[in-house]
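Novice: One structure follows; several queries about it will come next.
The values are calculated or read from the model by the stated rules, or taken from the named source; none is laboratory data. Predicted, not measured: the structure shown is a model, and the values here were computed from it. In this analysis, Cβ positions are derived from the backbone assuming ideal geometry, glycine residues included, and neighbour counts consider all displayed protein chains.
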Amino acid sequence: MTPPRTRTRTRRPQAALAALSLVVLAACGTRLDHDTIVRAGSGTGSGQAGTGTAAGELVPGADGAGEGQTAAGATGDSAGPAEGGGDAAGPGGAAAGNGSGGNGRGGGGNGAGRGGAPIVIGSVGTLSGPGGVAFGQGPRALQAWAAATNTAGGIDGRQVKVIVMDDGADAAKGRSQVQELVERHNVVAIVAAMTTTHTLAAWKGYVEQKKVPVVGGDCSTTAWTSSPVLFSQCPSTNSQMDGLAKVGATYGKGKKLGGLFCTETDACSHAEDRMFGSGRAATRFGLDPVYRAKITVTQPDYTAECLQARNAGVELMMVTGDPNTVARVASSCRRQNFSPQFLQPSATVGADSASKPGLSNVLAAMAVFPFKGTSSPSIHEFDAAWKKYGGGKAPGPAAAQGWASAKVFEKAARGAGEISRAGLIKELYTFRGQRFGGLTVPLTYVAGKGTADTRCAFFMRGSGGGWTAPLGARPVCW
């Protein structure tokens, strides 16, 4: 095998893009009718302070809201708690200013039995700036789940209250927000934490110390398999890269693989090493890595890389960057009469990627269920909730990840008896090979260790300008 050629760009990324994780996800939905979503989310029909819920309401970044703008009706400050620990509630939202998140019980306890005080959960993520476009659909899906759940009677007769906070890719802010959620709002769990690797690292030790379960989040963060309180809804990042290689080798139009890897984040370097370097995923699954190069997501054009890839005989092209970068690479290659099939991790594509020139036959490996192109009772539930509360835009990978996080939490809450932090953790540790109606790969959580890895991934393909799921909700396993 000929060693892959490497070309490294020396151009430095702009500081504003340093917050990007492995990839930036699809743009999120537009603003919903406020009264409708407050009524659905709160179960009160009024949205009055102290009784409503932030569930289902607009999250920062979900429709291009400016950085620091309070999400309509959301509990808390859209850019995080104010100086000195204050928070702000948008119009009609729930002002959780009682120091207990509305449950009045210590230790994250909400009491057992049917009815009673709301079940309060928090979500912290990078929801403004570049990360807002990236991750906004994750907490939006969590809110949509809460709104649909509350409309259907809640969990054992109790309403769900969601408090969403935006860390702005600031690790210190994220740490203070998690502490705010735990110590002031007394949340029983953090759910759908769509945050970057470095922000999660800033508060991981705190939630471990406080024994607060963190259920689901950004699937490209490597910490999920190494903590007793982090419960991922996805396979590990290594398995996601292995799954990508498996999908390419099985369903791709050729074996000669090229890769373009962004310089903005260590996650891109990890993906490169797993696929082309020491992880040898490409060769282990039968691909022939013939070319790789470093790029930046700020490049206006990728002609040089496309020409080098074409000269190397690349048939499958992998790009780690945001969906717009992937589209620009495809466009640059088309201008050179070079049309490789693109092979993408889920976080590098969006709802509309398959409609872009050069991406009509794109292959993608998904960490959770395909966001389009398949049907089952569990996926129909997601589709119905997203149609009502998703903001009018098609869902992408982050929406599927947020919904899967919510369903993992829901199963734990319904089985826990006492819905407390300790009760949830105990219940989560009973999960063995759970698939939540086909929404996830088989998930097992190991007491004292957290998420066990799973060698499976889902598969999507571009066709006719849209996305299909050739295997439906059946994952590819190896």
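Novice: Conditions first: (1) over 21 Å from the mean Cα position of the chain (by Cα); (2) within 28 Å of Ala354 (Cβ to Cβ); (3) assigned by TED's automatic domain parsing to the domain that holds Thr151. Ser463 passes all but one, so which condition is the exception?
Specialist: The number of the failed condition is (3).
Novice: Let me ask another. How many residues are within 24 Å of Phe459 (Cβ to Cβ) and out of contact with any strand residue (DSSP E or B) (no Cβ under 6 Å at 6 or more places or on another chain) when one looks only at region 278-305?
Specialist: So the count comes out to 7.
Novice: Which pairs do you get when a residue that is closer than 13 Å to Glu305 by Cα, found in region 326-341, comes within reach of a residue that is among the polar types (S, T, N, Q) and part of a helix (DSSP H, G or I), reach meaning Cβ atoms under 8 angstrom, with the pair 6+ apart or on two chains?
Specialist: Correct list of pairs: Val326/Thr348; Val326/Ser353; Ser332/Thr303; Arg335/Thr303; Gln336/Thr303.
Novice: What tally of residues in region 270-302 results from selecting those that are polar (S, T, N, Q) and either surrounded by fewer than 16 Cβ atoms within 10 Å (Cβ to Cβ) or farther than 29 Å from Arg335 by Cα (or both)? Steps first, answer last, please.
Specialist: Step one: of region 270-302, the residues polar (S, T, N, Q) are 278, 283, 296, 298-299.
With either surrounded by fewer than 16 Cβ atoms within 10 Å (Cβ to Cβ) or farther than 29 Å from Arg335 by Cα (or both) added as a condition, the list becomes 278, 283.
The number of residues fulfilling the criteria is 2.
Novice: Taking the stated definitions as given, is Thr195 more than 26 Å from Lys426 (Cβ to Cβ) and either assigned by TED's automatic domain parsing to the domain that holds Ser227 or at pLDDT 95 or above (or both)?
Specialist: Numbers: more than 26 Å from Lys426 (Cβ to Cβ): no; either assigned by TED's automatic domain parsing to the domain that holds Ser227 or at pLDDT 95 or above (or both): yes.
Answer is no for this residue.
Novice: Right, here's the next one. May I ask you to verify whether Ala192 is of a type in the set (A, V, I, L, M), touching a residue at least 60 places away in the same chain (Cβ under 8 Å), in contact with a helix residue (DSSP H, G or I) (Cβ under 7 Å, 6 or more places away or on another chain) and assigned to a loop (DSSP other than H, G, I, E, B)? Can you show your working first?
Specialist: Working: of a type in the set (A, V, I, L, M): yes; touching a residue at least 60 places away in the same chain (Cβ under 8 Å): yes; in contact with a helix residue (DSSP H, G or I) (Cβ under 7 Å, 6 or more places away or on another chain): yes; assigned to a loop (DSSP other than H, G, I, E, B): no.
Against the criterion (of a type in the set (A, V, I, L, M), touching a residue at least 60 places away in the same chain (Cβ under 8 Å), in contact with a helix residue (DSSP H, G or I) (Cβ under 7 Å, 6 or more places away or on another chain) and assigned to a loop (DSSP other than H, G, I, E, B)), Ala192 does not qualify.
Novice: Can you say whether Ala347 is modelled with pLDDT of 95 or more and in a helix (DSSP H, G or I), as far as the supplied structure shows?
Specialist: On the way: modelled with pLDDT of 95 or more: no; in a helix (DSSP H, G or I): yes.
In short, no.
Novice: Can I ask one more? Taking region 377-391 only, how many residues are within 19 Å of the chain's Cα centre (by Cα) and within 15 Å of Phe436 (Cβ to Cβ)? So that I can check it myself, show each step before the final result.
Specialist: To start, the set of residues in region 377-391 that are within 19 Å of the chain's Cα centre (by Cα) comprises 378-379, 381-383, 385-387, 389-391.
Imposing the further condition that a residue be within 15 Å of Phe436 (Cβ to Cβ) reduces the set to 378-379, 381-382, 385.
Count: 5.
Novice: Select the helices (runs of 4 or more DSSP H) contained entirely in region 212-330, then report the ones holding at least 3 residues which are small (Gly, Ala, Ser).
Specialist: Working: elements: 237-251, 266-275, 281-284, 303-311.
Per the criteria, 237-251, 266-275.
Novice: From the residues in region 207-225 that are without any contact (Cβ under 8 Å) to a residue 60 or more places away in the chain and polar (S, T, N, Q), which one is surrounded by the most Cβ atoms within 10 Å (Cβ to Cβ)?
Specialist: Among those residues, the one meeting the criterion is Thr222.
Novice: Scan region 335-344 for residues that are in a loop (DSSP other than H, G, I, E, B) and more than 16 Å from Ser463 (Cβ to Cβ) and report the count. Show your work before the answer.
Specialist: Taking region 335-344 as the starting set, the residues that turn out to be in a loop (DSSP other than H, G, I, E, B) are 336-340.
Those still in the list that are more than 16 Å from Ser463 (Cβ to Cβ) too: 336-338, 340.
Within region 335-344, residues that are in a loop (DSSP other than H, G, I, E, B) and more than 16 Å from Ser463 (Cβ to Cβ) number 4.
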